[in-house]
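For reference, the structure is listed below as structure tokens.
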Amino acid sequence: MRLQNIARMASAVLTVSSLWISQAEAKQAPTNKAEFCAMTTQDYRDLLMKKENHLAFVNEGGIGGQGVCWWHSMFTRNATYLAIYRPELPRPTRSEARQIIEDISANRGVVDIPGFRNLEEFSAAHRDQIQASLDAGQIVDGGILFGWVRGVTGNHEVHPQQLENMMNDLYSEVRSGRVAYQMLQIEGIMAHAWLVVDMERDGDGYILKVLDSNYRDVYKVYYKRGMKQLLDYDSVPYTSRNAVDYQGYKNAKASFCKRGMTAKDIRDQRSNR
């Protein structure tokens, strides 16, 4: 869902406009095998706290110009867990970049991105190709495979106890080290998506740190016990895709890292110190 379509939702705009999170100590993206294999669950969250590790453009395009927020968020999370940047190498051709983009979109395994230092740089240079991939993902997953049903089967308002249980489950998920992908059910058939990068207790509620494809920075979302919906987008968040995506990340990293360091990997590590 595009930003202009929800600008009228004053509560969401108010929350977002004043609560941007500092990026001062955020981690740099890995630039060699050793750095990638040493990444911890906290490191992935730290990456997403910095704008240079986000896509260089916000949610746009899609069917009827309504945006591709689900696929924008999925691509960002996949790249965070799968990409190694190799700024010392020549940049990819358009056909090579297209293959990198498709591999990230499909969660196919670890990918080298030569010629760039981070996702922001890569996506700025290949914005049109990434947007085309996100648009295609919406058509296939959101249309042909009826993936859109995932976004319209929940309620935009629930009993306070149900929402409290959902937020408790989300807290357990996020504190276990996972960046949670969530579908936000809004009144009617509209659904949005964001990534919950981190989460902390706050009195009788929680503070969520979310990366929303409608914005370029992580911001805070507040939940208090007794709420029937979040103020942001007047929505109820439903966690989705975590088990299958994280198994893919885990398998890809294990397969890639168990092969050990080659002489080339060692040279790469030394050259980037």
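The values are calculated or read from the model by the stated rules, or taken from the named source; none is laboratory data. Please read these numbers as outputs of a predicted model, since none were measured by experiment. Ideal geometry is used to build each Cβ from the backbone, glycine not excepted, and the neighbour counts take in all protein chains shown. Quick note on the areas: whole protein, heavy atoms, side chains included, nothing else; ligands and nucleic acids left out. Shrake-Rupley method; radii C 1.70, N 1.55, O 1.52, S 1.80 Å.
Under a 1.4 angstrom probe, counting protein chains only, how are VAL110, VAL179 ranked by accessible area, largest first?
Working: VAL110 40, VAL179 0 Å².
Putting VAL110, VAL179 in descending order of accessible area: VAL110, VAL179.
How large a share of the accessible area of the range 157-256, in percent, is made up of carbon and sulfur atoms when the probe is 1.4 Å and the other protein chains stay in place? Provide the component values of the computation, followed by the final result.
Values: 1940 of 4060 Å².
With neighbouring chains kept in place, the figure for the range 157-256 is 48 percent.
Computed from label points 7 Å out along Cα-Cβ, the spacing between ARG175 and ALA124 is 3.8 nm. Measuring with a 1.4 angstrom probe and ignoring ligands and nucleic acids, THR31 comes out at about 20 Å² accessible. Reported to two decimal places, what Rg/Rh ratio describes the range 63-120 when computed on Cα atoms with Rh from the Kirkwood expression? For the range 63-120, the value is 1.02. Straight-line cross-link reach from LYS228 at under 27 Å between alpha-carbon atoms covers these lysines, not counting any fewer than eight positions away in the same chain: LYS209, LYS220.
The slack in the chain from ASP217 to VAL140, taken as 0.36 nm per residue of separation less the alpha-carbon distance, amounts to 24.9 nm.
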